[in-house]
Amino acid sequence: MSSVVEWPDQLVELQLWVRLSYSALTAGDHPSVTRCTDQALQFSFPNDPKHPSVSRLITVVMVVLVKEYQELTPLSRIFTYMAAYTG
């Protein structure tokens, strides 16, 4: 799998994990969605002008996670869970 590959550019690796997470979501492969989104969320980029698309990619990852939780959990439970942890 791509988790054992060494990538010269972290942005390319992040894009790959985002695309894989979306593909896994559309295929209904829930364990792969979790694995790919976890990998994508491990990246941290400084506020660097040469990486403006990072926040958009992380937003896509978060949307994939919400869609995944919607499929597995009723929406009301998601909001209850989010409210409990956001204060």
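Listed values, structure above:
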{"quantity": "Pairwise label distance in nanometres, Thr26 with Ser55, each label 7 Å out on the Cα-Cβ vector", "calculated": "2.7 nm"}
{"quantity": "Ordering of 32-39, 62-69 by burial proxy (mean other Cβ atoms within 10 Å per residue, highest first)", "calculated": "32-39, 62-69"}
{"quantity": "Hz values of 3J(HN,Hα) by residue in the stretch 18-30 - Karplus curve (6.51, -1.76, 1.60), Gly and Pro given as x", "calculated": "5, 5, 5, 5, 5, 4, 5, 5, 5, 7, x, 8, 5"}
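The numbers here are math on the coordinates, done by the rules we state, and not lab data. Quick caveat, the model's predicted, so the values are computed rather than measured. No Cβ is skipped: glycine too gets one built from the backbone with ideal geometry, and neighbour counts run over all protein chains shown.
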